[in-house]
Amino acid sequence: ATDRRILELLQTNARISNAEIGRTIELAASAVHQRIRKLESSGVIRGYETRVDPEAVGRSLAAFVRVQTGEVARAAALTAALAAIPEVQEVHRVVGEDCFFVKVRVRGPGELARLLDDVIQPIPGVAATRTTIVLTTAKESAVLPLEGGA
């Protein structure tokens, strides 16, 4: 329960101090530090990142690209190739008509067309793509519900 509460606080604000966490959950800062290090070393905490407003850095167009693969496609190689593209934010291997769902962020429609035509579609194993452009986003979060876990 203590680790779950620490994780909840860190998900809300990754820059929160160990002292502040300790005050909130009534634990010494040194004990909080030790628990966080254990969560990191066990892989529960995979890292820390800053969430940047896409509009503020000129990446206002979000799209989901569904990728279908050919018969000889190697999933690991295709996954690695898609993940290496800077505009790609997420790569999900899925079961169904499509093989991958890929979330991309670009400056506009022209850059999206270039990304599809010159980068994604030429990857060996890509048979077809279908793209859905995001009009608005109501929620976008990396925060996981922790009840019953951790």
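Can you pull out the residues in the range 44-56 that are of a type outside the set (A, V, I, L, M) and surrounded by 16 or more Cβ atoms within 10 Å (Cβ to Cβ)?
Across the range 44-56, the qualifying residue is only Pro54.
Exactly one condition in (1) among the hydrophobic types (A, V, I, L, M, F, W, C); (2) open to solvent by less than 60 Å² (accessible area, probe 1.4 Å); (3) under 22 Å from Arg130 (Cβ atoms); (4) out of contact with any Cys (no Cβ under 7 Å at 6 or more places or on another chain) is false for Val67; which is it?
(4)
Can Arg59 be described as open to solvent by 40 Å² or more (accessible area, probe 1.4 Å), within 21 Å of the chain's Cα centre (by Cα), of a type in the set (Lys, Arg) and modelled with pLDDT of 95 or more?
On the way: open to solvent by 40 Å² or more (accessible area, probe 1.4 Å): yes; within 21 Å of the chain's Cα centre (by Cα): yes; of a type in the set (Lys, Arg): yes; modelled with pLDDT of 95 or more: yes.
Here the answer is yes, as Arg59 does meet what is asked.
Would you please list the contacts, defined by Cβ atoms under 9 Å and residues six or more apart or on different chains, that run from a residue in the range 112-138 that is more than 17 Å from Gln89 (Cβ to Cβ) to a residue that is of a type in the set (Lys, Arg)?
Pro124/Arg74; Gly125/Arg74; Ala128/Arg66; Arg130/Arg66
Residues that are under 29 Å from Thr136 (Cβ atoms), open to solvent by 40 Å² or more (accessible area, probe 1.4 Å), touching a residue at least 40 places away in the same chain (Cβ under 8 Å) and not β-branched (Val, Ile, Thr): does the range 74-94 have at least one?
For the range 74-94, residues under 29 Å from Thr136 (Cβ atoms), open to solvent by 40 Å² or more (accessible area, probe 1.4 Å), touching a residue at least 40 places away in the same chain (Cβ under 8 Å) and not β-branched (Val, Ile, Thr): absent.
Go through the range 94-137 and give me each residue that's assigned to a loop (DSSP other than H, G, I, E, B) and among the hydroxyl-bearing types (Ser, Thr, Tyr).
Once the filter is applied, which keeps residues that are assigned to a loop (DSSP other than H, G, I, E, B) and among the hydroxyl-bearing types (Ser, Thr, Tyr), the range 94-137 yields Thr136, Thr137.
Determine whether Ile45 is over 20 Å from Ile133 (Cα atoms) and more than 21 Å from the chain's Cα centre (by Cα). Quick ask: steps written out before the conclusion?
Working: over 20 Å from Ile133 (Cα atoms): yes; more than 21 Å from the chain's Cα centre (by Cα): no.
Against the criterion (over 20 Å from Ile133 (Cα atoms) and more than 21 Å from the chain's Cα centre (by Cα)), Ile45 does not qualify.
Pull up the range 1-16, narrow it to residues that are touching a helix residue (DSSP H, G or I) at 6+ places or on another chain (Cβ under 9 Å) and part of a loop (DSSP other than H, G, I, E, B), then point me to the one that is most open to solvent (accessible area, probe 1.4 Å).
Going through the qualifying residues, I end up with Asn13.
All but one of (1) within 29 Å of Val143 (Cα to Cα); (2) among the β-branched types (Val, Ile, Thr); (3) modelled with pLDDT of 95 or more hold for Thr50; which doesn't?
Tallying (1) within 29 Å of Val143 (Cα to Cα); (2) among the β-branched types (Val, Ile, Thr); (3) modelled with pLDDT of 95 or more, Thr50 fails exactly one: (3).
From (1) touching a Pro at 6+ places or on another chain (Cβ under 9 Å); (2) at pLDDT below 95, pick out the condition that doesn't hold for Lys139.
Condition not satisfied by Lys139: (1).
What tally of residues in the range 17-43 results from selecting those that are surrounded by 15 or more Cβ atoms within 10 Å (Cβ to Cβ) and in a loop (DSSP other than H, G, I, E, B)?
Total satisfying the criteria: 1.
The values are calculated or read from the model by the stated rules, or taken from the named source; none is laboratory data. All figures in this text were calculated on a predicted structure; none of them were measured in a lab. Glycine also receives a Cβ, built like all others from the backbone with ideal geometry; neighbour counts cover every protein chain displayed. Note: accessible area is taken over every heavy atom of the protein model, side chains too, but ligands, DNA and RNA are not part of it. Shrake-Rupley method; radii C 1.70, N 1.55, O 1.52, S 1.80 Å.
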